[in-house]
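Only one structure is covered here, and it is reproduced in the block below.
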Amino acid sequence: MNALRLAWKSLARSPKRTLLTALGLANAVVGGLTFYGFTHDTYWGLSEAFARGGNGHVQVADAAWFDAPAPEQHRTERAKLDALRDALAANPEIHDRLLASAVRRNVVGMLIVDGRSGIFMGQGTEPAAESKIAPLAHSVAGTLLDPAKPLGLLLGAPLAARLGVQPGSTVTAMVTTDQGLTNAMDLQVLGTTMTGAQDLDRAYAVLPLDTALSLADGTTADLLVLALTDTADTDAVLAATRRVLAEPAFAGLDARPWYQRADYYIAVKALYDRIFGVFQALMVIVTVLSLSHALAAVVAERRAEIAMLRVVGLTRRQVASIFLAEGALYGALGCALGGVGALLFSQLVTMLGGIPMPPPPGFSQGYPARIQLDALGFVVVLSATFVAAVTASAIPAWRATRGELSRGLVGLAVLLAIAAGPSPARAAESGALTSAFGPPPPADQRCTVDVAVKDTQSSIGWRVVTQGADTLAVSTTLLVGHRQAVLETGGATWFQTETMGKPMRVGLAQRLLGQLSIADVIDPRLASGWTVATTPAPGQPGVITATATPGSGLAFARAEFDVAATGLLSGARFYGPSGNLVRSATYTFAGGRLSSVSVADASHAGATVLSLGTAACTKTPLGVTPDTLLATAISLLEPSP
């Protein structure tokens, strides 16, 4: 049996429902991928903003400088950092990846101009490399640092506004030197700039490294900054840098990557990771609930079809695999549609220039958000959706093979025996059981009877027509397009649905396989394998005891049939090989003919009840063959004469 092929046919015959269900899953996939793409773009934007905003990809300083509460006490001689820079530039693992490098020295002091003053936090750097290290930094007015102007500086726009200066203005910078003295120097404002961080811009200043060292009257610097051509090379360059630092000449220095220095990036990533995890969990829950509900409805609609599959010999596991395969196909369709939809949406957002976002907390500039999708995002979201879809089909698949669903077998081949009466071959073997079911219908007439099958979950109707050894049953309550027909003729059983191109033949062994022996409960004459052990005296109530003939394939080892004084069956009990009661049945007769059967499983509450209408017989020939099975069956849905 090819479960995927059967599942695909099931989806294909209900294209509208299949499309709506798949679109529901696709919507979840688009949502998951969009949120992943947004967070991925945010991570990328924050990393680039930090690394290319002047902080570099790798920072090298004294090992104690990074975490010390007073880092100015752990500075490094500039000459040592210059020697390290030369060694790194000569390293083949670093050279081709290195964009620029610069030694930095931080100074803190006060700027004074025309009676106005303001505290500044200055960053001394090398002007020639600064444009490459901080390509994202932009000037609001004026120019950036110029190597030809060693006494120039840049101010944060808010600081310049508070001091009332503009490009070309002169300010006096006053700082405390490394020896604890006070030093001052007149500097020219070359321009104003914005880092995007509001608090930093209020005191931000950038000046040439030599000028910063002159102001501080020192020879030590804080760190060496390395800017790379590709942020993805950070770990490789970091490892190579640490190998260089292992040399005795650079003892005491350590290297840190940008992602260990970007506190804001770390906090935002941790937050978004938690949000994405919750979002994924909610997506999985919604997917499971929606798809399990859809498949549960499918199971309810296809009870008779499930019964037919069991009739033709499919095991519980095989039936369950069909519904699991349907869940897998739904998941695959939803993932495919959702993946394509997410790609198209991300491209649309990119074409429109991104989604305008307000400034993050603490920043003064907004940014355009984009949807950046990668292979990892597709693997995470699509696999979660697919697994959720298969998981959602597990419960409907289990229900398709348990409890009341297995009793749907009553509505198929079993009904043939109820209306038809025993065939001569089976009558000879069943003996007393045959007479206990009353007289068979006239062999030369065509008789029609409507049968209703009800349990705790649903009601299924059938119309059964018999003539001699030929019996035809057609469903009366299933929707058009899903109707089914069963034909027993010439010792063989055939079945066909409106979705099948031709009928399928079912052997007796298949109909009586394993748990399908529920047919034997409804009408023991269907089974050719009972050996009658005891019978009551003629005209006396009693019990017919029967045992299963070895090798007969019956699921029951022993049965007890209660016979009334009229000689008709009133009840029965069926026992398994262990001696435990498996099923019981109650039979009701009207006018000498069987009118209803109630079947109960020992392991399930409730019962399945079959009600037979009054048989109407005519001498019109049945005239049906396997080739005309479905057409003849549908014609029988017209009102009985």
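The values are calculated or read from the model by the stated rules, or taken from the named source; none is laboratory data. Everything numeric in this text was worked out from a predicted model, so none of it was measured. Positions of Cβ are generated from backbone atoms using ideal geometry, with glycine treated the same way; all protein chains shown enter the neighbour counts. Note: accessible area is taken over every heavy atom of the protein model, side chains too, but ligands, DNA and RNA are not part of it. Shrake-Rupley method; radii C 1.70, N 1.55, O 1.52, S 1.80 Å.
The table below gives the values:
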quantity: 5 angstrom amide H check on residue 58, placed H, neighbours 5+ away; calculated: 226
quantity: Set of lysines near residue 9 by C-alpha distance (under 27 Å), chain-local residues within fewer than 8 positions excluded; calculated: 502
quantity: Segment 167-259 - accessible surface per residue (Å², probe 1.4 Å); calculated: 39 Å²
quantity: Inter-site label distance for residue 128 and residue 598 at 7 Å from Cα along Cβ, in nm; calculated: 10.2 nm
quantity: Interatomic Cα distance distribution for segment 104-234, bins of 10 angstrom, percent; calculated: 13, 46, 33, 7, 1
quantity: Cα-derived Rg to Rh of segment 32-72, Kirkwood definition; calculated: 1.24
quantity: More than 19 angstrom apart: percent of Cα pairs within segment 7-155; calculated: 72 percent
quantity: Paramagnetic reach from residue 345 in segment 366-384 [backbone N under 13 Å; point 7 Å along Cα→Cβ]; calculated: 371-373
quantity: Distance histogram for segment 312-356 (every C-alpha pair counted, 5 angstrom bins, percent rounded to whole numbers); calculated: 5, 19, 13, 12, 11, 10, 8, 6, 6, 4, 3, 2, 0
quantity: Accessible area per residue, Å², segment 16-126 with all protein chains present, probe 1.4 Å; calculated: 43 Å²
